[in-house]
1. Between Val18 and Ser142, take the C-beta separation as r, use R0 = 25 Å, and let me know the FRET efficiency to the nearest 0.05.
2. Local charge sum around Ala45 (other residues, Cβ-Cβ under 12 Å, Lys/Arg +1, Asp/Glu -1)?
3. I'd like the Karplus ³J(HN,Hα) series for segment 37-52: coefficients 6.51, -1.76, 1.60, θ = phi - 60°, whole numbers in Hz, and an x wherever there's a Gly or Pro.
4. Which angle between 0 and 90 degrees, to the nearest 10, do you get for helix 15-24 versus the longest principal axis of the chain when only C-alpha atoms count?
5. Would you grab the residues whose amide H sits under 5 Å from the one on Arg221? Only those 5+ places off in sequence or on another chain, please, with H modelled 1.01 Å from N.
6. As an exercise, use a Förster radius of 22 Å and the Cβ-Cβ distance of Arg170 and Asp132 to find the FRET efficiency, rounded to the nearest 0.05.
7. Which one, (i) 44, 23, 15; (ii) 26, 21, 18; (iii) 30, 19, 15, gives semi-axes √(5λ) of the Cα gyration tensor in Å as derived from the coordinates shown?
8. For Arg119, Arg135, what's the fewest-to-most ordering of other Cβ within 10 Å of each Cβ?
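What follows is calculated from the coordinates using simple rules that are stated; it is not laboratory data. Since this is a predicted model, take the numbers as computed values, not measurements. When we count neighbours, we look across all protein chains shown, and the Cβ atoms used for this are built from the backbone with ideal geometry, even at glycine.
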Amino acid sequence: MMRLALYWAPELTDPLHVRASTWLGRDAETAAALPQPKIPGIAEATADPRLYGFHATLKAPFRLATSYNEARSAAAILTDRTAPFTLPPLVLRDLRGFLALIESEPCPALAAFADDCVRTLDPHRAPLSVEDIARRRPDRLSTRQRDSLERWGYHLVFEDFQFHATLTGRLTDDQRAVFEPAAAAYFGDVPAAPRQVREVCLFTQAAPGAPFLIAERLPLRG
């Protein structure tokens, strides 16, 4: 029942790694629980993203149709042919009701890399179950997104890809009035710092409901 995902996450030396892990209350690198900022309600508001660890999705979580080693080898081939690239400064935004850090401007290299991640890992993905598809509420998706969900196991791919590193679950208006300014003050100018994408992270989830952990960081060598 293990699931695998290919995510971007900050390098360990990037101040954003500690800052965002502390905001969520868990370090996906070490599995350590961290004391969160003293903001009323933050534990509940960050419960969903805490499970996944701080990240931005490149290949969404999937159950394996092959072995971990086979999927890992495919990811390594991908990273061996991909050159490092510059990530635009990140900005805090309300994205469909939750707070996230997103690109300040489009990044063609990132979009191309995300597309490659989707295609390269997909042969190792087990098909979605009927329950998996139902959880995505396909009735609320566009025709293209429904097609992507069935073909690629995730609806926000290719033209619908949106780089985002999630900071909260879906918020009410009252919660947003608290957490948006609190997050802006807490993160400060750290998200906007220049950074290179020099690695990609294989995250694993041991069983349903278990926290995602970084299994490996694969360097881009192209």
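1. It comes to 0.10.
2. -1
3. Values per residue, Gly and Pro as x: x, 7, 10, x, x, 5, 4, 6, 5, 9, 4, 5, x, 4, 4, 8 Hz.
4. For 15-24 against the chain, the angle is about 80 degrees.
5. Asp80, Arg81, Thr82
6. For R0 = 22 Å, the calculated efficiency reads 0.65.
7. Computed from these coordinates, semi-axes √(5λ) of the Cα gyration tensor in Å corresponds to label (ii).
8. Ranking Arg119, Arg135 by Cβ neighbours within 10 Å, fewest first, gives Arg135, Arg119.
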